[in-house]
Every structure is written in C-alpha cells, then in structure tokens.
Amino acid sequence: QVQLVESGGGLVQAGGSLRLSCAASGRTEIAHAVAWFRQAPGKEGEFVASIPWTGDRLYYADSVKGRFTISRDAAKNTVYLQMNTLKPEDSAVYYCAADKYWETPLGFKGDYWGQGTQVTVSS
C-alpha cells in the first residue's frame with residue numbers, strides 16, 4: 001500500500017501562487033507515477049498534471065500549462081505542484097494520486113489517493 005498526504009492548500013488572491021506537496025509513504029516502490037487531480041463543487045474530477053518517479057517526463061492539462069509546474073523530490077518521496085498566476089477557476093479540492101503502471105493523462109487511473117487539500121482563489 002501507498003499512503004499519500006497532501007498539504008499546502010489555502011486561500012489566495014487571483015494572480016497569486018501556492019505550492020502543494022504530496023508526501024508518499026509505505027511501499028512507494030510500487031508506484032510508477034504520481035498525478036494531481038482537482039475537483040470543483042458540482043464538476044467532475046479533472047486531471048491536472050503527472051510525473052513518473054524518474055522525473056524525466058511531465059504531463060499537464062491544457063488549462064494549467066505555463067502556469068503550473070509538477071516536480072518531485074525522490075529522496076523525500078514527495079511530489080510538488082507549484083501553481084502560479086492562479087485564477088478563480090482553479091479553485092477546487094486538489095488530490096494527489098499514485099498509479100502502479102500509468103503516467104499519461106489518458107492512462108492514469110490512480111491506485112492510491114490522498115484526502116485532498118482545498119485551494120480557493122478569490123477574484
């Protein structure tokens with residue numbers, strides 16, 4: 001099993017920045033990649049970004065390209081999501097997930113999930 005704990009959410013004004021962290025523990029060696037998803041009230045969950053533990057490929061949703069950056073610190077078993085130029089429409093609960101096999105937006109399903117962290121962007 002892999003346990004994931006998100007942190008770093010909060011309230012920020014439009015145009016501001018936040019950095020989310022996803023700390024992994026347990027049998028992290030079975031996780032091939034980690035992704036961030038988000039879900040706003042009344043909307044379906046949305047893929048945001050993903051990265052394999054090797055860190056050599058990055059995937060982003062079109063809506064966040066150029067504003068968000070996903071990275072990982074393998075030594076700390078932690079994946080980060082740096083979010084810049086935040087917009088009100090970025091407001092959502094952000095979840096990190098680990099997948100044992102897939103890293104791409106279409107393939108990533110998530111075998112393990114964190115509890116989520118709230119991000120609220122005020123206009």
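The values are calculated or read from the model by the stated rules, or taken from the named source; none is laboratory data. Computed from a predicted model, the values in this text were never measured in an experiment. Here the Cβ positions follow ideal geometry from the backbone for every residue, glycine too, while neighbour counts run over all protein chains shown. We work out accessible area using only protein heavy atoms, side chains counted, and drop any ligands, DNA or RNA first. Shrake-Rupley method; radii C 1.70, N 1.55, O 1.52, S 1.80 Å.
Within region 11-28, track down each residue that is part of a strand (DSSP E or B), small (G, A, S) and open to solvent by 20 Å² or more (accessible area, probe 1.4 Å).
Listed by number, the residues that qualify are S21, A23, S25, G26.
If you go through region 48-64 one residue at a time, do you hit one that is modelled with pLDDT under 95, in contact with a Phe, Trp or Tyr (Cβ under 7 Å, 6 or more places away or on another chain) and small (G, A, S)?
Looking through region 48-64, none of the residues is modelled with pLDDT under 95, in contact with a Phe, Trp or Tyr (Cβ under 7 Å, 6 or more places away or on another chain) and small (G, A, S).
Limited to region 38-60, what total is found for residues that are under 16 Å from V119 (Cβ atoms) and either within 11 Å of the chain's Cα centre (by Cα) or among the hydroxyl-bearing types (S, T, Y) (or both)?
5
Pairs under 7 Å by beta carbon, first residue over 14 Å from S50 (Cα atoms) in region 71-85, partner open to solvent by less than 50 Å² (accessible area, probe 1.4 Å) and of a type in the set (S, T, Y), six or more apart or different chains?
N77/T28
What are the residues in region 58-87 that are closer than 20 Å to V5 by Cβ, surrounded by fewer than 14 Cβ atoms within 10 Å (Cβ to Cβ) and small (G, A, S), if any?
If the condition is that a residue be closer than 20 Å to V5 by Cβ, surrounded by fewer than 14 Cβ atoms within 10 Å (Cβ to Cβ) and small (G, A, S), then A74, A75 are the ones that fit.
Taking D99, is it touching a residue at least 60 places away in the same chain (Cβ under 8 Å) and surrounded by 14 or more Cβ atoms within 10 Å (Cβ to Cβ)? Reasoning before the result, please.
Values: touching a residue at least 60 places away in the same chain (Cβ under 8 Å): yes; surrounded by 14 or more Cβ atoms within 10 Å (Cβ to Cβ): yes.
Yes.
Do we have any residue at all in region 30-37 that's more than 14 Å from the chain's Cα centre (by Cα), more than 17 Å from E103 (Cβ to Cβ) and either open to solvent by 20 Å² or more (accessible area, probe 1.4 Å) or among the aliphatic types (A, V, I, L, M) (or both)?
Filtering region 30-37 for residues more than 14 Å from the chain's Cα centre (by Cα) gives 30-32.
Narrowing the set further to residues that are more than 17 Å from E103 (Cβ to Cβ) leaves none.
Looking for residues that are more than 14 Å from the chain's Cα centre (by Cα), more than 17 Å from E103 (Cβ to Cβ) and either open to solvent by 20 Å² or more (accessible area, probe 1.4 Å) or among the aliphatic types (A, V, I, L, M) (or both), one finds none in region 30-37, hence no.
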